[in-house]
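Participant: Would you mind keeping the following structure in view while I ask a few things?
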Amino acid sequence: MKIAQRLGRIAALATVSALCLGVAAEARELRGWNLHVPDYPGSIAMEKFGEILAEKTEGRYTGSVFHNGQLGDQRFAIEQFALDGIDFAVFSGGSLGDFATALQIVSMPYIFRSAEHMYAVVDGEIGERLSDSLADHNMVALAWYTGGARSFYTVSKPINEPADLSGMKIRVPDAEIFVSTVEALGANATPLAFGEVYTALQTGVIDGAENNSPSFESTRHYEVAKFYSLDEHLMVPEALVVSKTLWDSLSEEDQQTFRDAARESAELQRELWAEREEKSNAILAEAGVQVNVVEDKQPFIDAMGPVYEKLVNTDELRALLQDIQAVE
Ligand code: GTR
């Protein structure tokens, strides 16, 4: 063998071993953003996602979840995806809606007939369309968690009809769908980060906020807001997303592993959600929160006309809305 040939072979072998070493060295700890306390349903389910990945990839991928919004508030975290600062997260469809309008449609007030309807929509073909619409923001949605139903909690009086909200300062997440919905009901929508709500309630900066019972309870906002009025204006799905840069770097087999892990984690989240809702409701009752079920939701539903007119504003979005409504 000529020297040049030999050298060529040696170089090729070196490349192969470097590649092998490279695979081993590629073991990656993925950074997960999460807004909630560690024992929240979604938090436990995100941990589970990481555990399944670690097990199924034999440690090549592990997950490290940063709870309590440690990596920043939701809008900031969504923006971080474009910069590859975060590898996976669970984001509210409502917050994603400011970046990808299809997500806004799936988060519209009173859009779902039931939780089952929501699951049928996001778990089916529409869920894939929603995921595709996130590609420009460097995200792939692998599975969907439930965000329950959001209702108003207030400091000084219950809400029975939209007129009760007139002039009240109600905290909302910093995203269009929440602002528009609450303003259409006649309140003064005040966008604030999740972590700032307790003090804002306490100091009278706001008169109330709106959320599902697990969030109302886990944040201890009920210590200050003693009225919880169940009008259920928003039922918002939450997406378990991974960075598209990461996704595109995965082998097909690993992509399937990530998908399966995400689905399993979503199943767990939905189960835990039902349990946590019960637990939260019991804690609220114990703390003397006055819960009123809004029997007649029609005036709330009727008030949403302008929100639909404003936000469902292209043929594509109108078609998506129809498709969502048509799902059985
Ligand atoms: C929670 C939801 C978060 C965020 C939060 C908020 O229920 O899981 O994504 O929307 O409410 O009100 O900021």
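Participant: Can you confirm whether A163 is small (G, A, S), outside the structural domain of I105 (by TED's automatic domain parsing) and within 15 Å of the ligand (Cβ to nearest atom)? So that I can check it myself, show each step before the final result.
Facilitator: Numbers: small (G, A, S): yes; outside the structural domain of I105 (by TED's automatic domain parsing): yes; within 15 Å of the ligand (Cβ to nearest atom): no.
Judged against the criteria, A163 is not a match.
Participant: Another question, if that's okay. All but one of (1) of a type outside the set (S, T, N, Q); (2) crowded, with 21+ Cβ neighbours inside 10 Å; (3) not assigned by TED's automatic domain parsing to the domain that holds S107 hold for K226; state the number of the condition that does not hold.
Facilitator: Only one criterion is unmet by K226, namely (2).
Participant: Consider only pairs whose beta carbons are under 9 Å apart and that are at least six residues apart or on different chains; among these, list those whose first residue lies in region 33-54 and is touching a residue at least 60 places away in the same chain (Cβ under 8 Å) and more than 20 Å from Q256 (Cβ to Cβ) and whose second residue is of a type in the set (A, V, I, L, M) and outside any helix (DSSP H, G or I).
Facilitator: L35/A89; L35/V90; H36/V90; G42/L35; G42/V90; G42/L240
Participant: Considering each of G42, G69 in turn, give the residue that is surrounded by fewer than 20 Cβ atoms within 10 Å (Cβ to Cβ) and more than 30 Å from G305 (Cβ to Cβ).
Facilitator: G69 is the lone residue from the list that is surrounded by fewer than 20 Cβ atoms within 10 Å (Cβ to Cβ) and more than 30 Å from G305 (Cβ to Cβ).
Participant: Going by what's in this entry, would A89 be described as assigned to a helix (DSSP H, G or I) and surrounded by 20 or more Cβ atoms within 10 Å (Cβ to Cβ)?
Facilitator: Working: assigned to a helix (DSSP H, G or I): no; surrounded by 20 or more Cβ atoms within 10 Å (Cβ to Cβ): yes.
Spelling it out, it is not the case that A89 is assigned to a helix (DSSP H, G or I) and surrounded by 20 or more Cβ atoms within 10 Å (Cβ to Cβ).
Participant: Next up: Quick one: which helices (runs of 4 or more DSSP H) sit completely within region 147-221 and have at least 2 residues that are out of contact with any strand residue (DSSP E or B) (no Cβ under 9 Å at 6 or more places or on another chain) and surrounded by fewer than 17 Cβ atoms within 10 Å (Cβ to Cβ)?
Facilitator: Values: elements: 176-184, 197-202, 213-218.
Correct list: 197-202.
Participant: Within region 55-76, restricting attention to residues that are hydroxyl-bearing (S, T, Y) and touching a residue at least 60 places away in the same chain (Cβ under 8 Å), which residue is farthest from the ligand (Cβ to nearest atom)?
Facilitator: Let us first name the residues in region 55-76 that are hydroxyl-bearing (S, T, Y), namely 57, 61-62, 64.
Checking which are touching a residue at least 60 places away in the same chain (Cβ under 8 Å) leaves us with 57, 61.
Values: T57: 28, Y61: 24 Å.
Here the residue is T57.
Participant: Can you tell which of V224, V197 is more than 30 Å from E29 (Cα to Cα), within 10 Å of the ligand (Cβ to nearest atom), of a type in the set (V, I, T) and at pLDDT 95 or above? Don't jump to the end; show me each part of the working.
Facilitator: Details: V224 fails: within 10 Å of the ligand (Cβ to nearest atom).
The unique qualifying residue is V197.
Participant: Hey, another quick one. Could you check region 200-218 and list, in sequence order, the residues that are under 20 Å from the mean Cα position of the chain (by Cα) and either away from the ligand (no atom under 13 Å from the Cβ) or in contact (Cβ under 8 Å) with a residue 60 or more places away in the chain (or both)?
Facilitator: Here is the first cut: in region 200-218, the residues under 20 Å from the mean Cα position of the chain (by Cα) are 209-218.
E210, N211, N212, S213, P214, S215, F216, E217, S218, listed by residue number.
Participant: Here is a follow-up. Go over the candidates E232, E267 one by one and state the one that is away from the ligand (no atom under 16 Å from the Cβ) and of a type outside the set (S, T, N, Q).
Facilitator: Values: E232 fails: away from the ligand (no atom under 16 Å from the Cβ).
Unique residue meeting the criteria: E267.
Participant: Still on this structure, I have one more. For region 98-107, what are the residues that are within 15 Å of the ligand (Cβ to nearest atom) and assigned to a loop (DSSP other than H, G, I, E, B)?
Facilitator: Keep residues of region 98-107 that are within 15 Å of the ligand (Cβ to nearest atom), which gives 98-99, 103-104, 106-107.
Selection gives D98, F99, V106, S107.
Participant: Can you tell me which of S95, S114 is out of contact with any Gly (no Cβ under 9 Å at 6 or more places or on another chain) and either without any contact (Cβ under 8 Å) to a residue 60 or more places away in the chain or away from the ligand (no atom under 15 Å from the Cβ) (or both)?
Facilitator: Values: S95 fails: either without any contact (Cβ under 8 Å) to a residue 60 or more places away in the chain or away from the ligand (no atom under 15 Å from the Cβ) (or both).
Result of the check over S95, S114: S114.
The values are calculated or read from the model by the stated rules, or taken from the named source; none is laboratory data. Keep in mind the model is a prediction, meaning the values are calculated, not measured. Heads up, the Cβs are rebuilt from the backbone with ideal geometry, glycines too, and the neighbour counts pull from every protein chain shown.
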